[in-house]
Amino acid sequence: MTAIDWSKFDEDPEMTITCGCGAVFRSHAKFVNVPEPHVETRKPCPACGKTDRVRAARGDPESFTLRKDDVGKP
């Protein structure tokens, strides 16, 4: 298995991860195909220590500023 280059994620916020064991924690996550399709986390689960038992990975909502000139534009 090829190691994931996590440095590409350094500028991105961590996601909220729900592990298969039920624990919820913050980490970066990536979908990988090898050895089988799954989501891998950068940090291990604090409860079970696994990085490949992801049940859900949720990103934070993105914020944006709506300016007066933007109103009414398609």
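Every number here is computed from the coordinates shown, using simple stated rules; none is lab data. This one's a predicted model, so the numbers in the text were calculated from it and none came from an experiment. Glycine also receives a Cβ, built like all others from the backbone with ideal geometry; neighbour counts cover every protein chain displayed.
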Requested in this report: Take the Cβ-Cβ distance between PHE9 and ASN33 as r, set R0 to 25 Å, and report the resulting FRET efficiency rounded to the nearest 0.05.
Outcome: 0.90
Report summary line: Phi-derived 3J(HN,Hα) across region 42-59 with the Karplus relation (6.51, -1.76, 1.60, θ = phi - 60°), rounded Hz, x for Gly and Pro, is 6, 9, x, 4, x, 8, 10, x, 8, 10, 10, 10, 5, 8, 8, 10, 10, x
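Counting only pairs 8 or more places apart or on different chains, how many lysine pairs in the chain have C-alpha atoms closer than 30 Å?
Working: LYS8/LYS30; LYS8/LYS43; LYS8/LYS50; LYS30/LYS43; LYS30/LYS50.
For the chain, qualifying lysine pairs total 5.
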Query raised in the report: In percent, how large is the relative contact order of the chain, given Cα pairs closer than 8 Å and 6 or more residues apart?
Result: 28
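Starting from the Cα-Cα distance between LYS43 and THR16, subtract it from 0.36 nm times their residue separation and give me the gain in nm to one decimal. Spell out each step's value before the answer.
On the way: separation 27, 0.36 × 27 = 9.72 nm, distance 1.16 nm.
Difference between extended and current length: 8.6 nm.
Quick check: residue separation of PHE25 and LYS50 times 0.36 nm, minus the Cα distance between them. What number comes out in nm?
Working: separation 25, 0.36 × 25 = 9.00 nm, distance 1.20 nm.
Length gained, PHE25 through LYS50: 7.8 nm.
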Report summary line: The answer for the net charge of residues other than ILE17 whose Cβ lies under 9 angstrom from its Cβ, with Lys and Arg +1 and Asp and Glu -1, is +3
Report task. Quick one, can you get me the convex hull of the C-alpha atoms of the chain expressed as volume per residue in Å³? Result -> 140
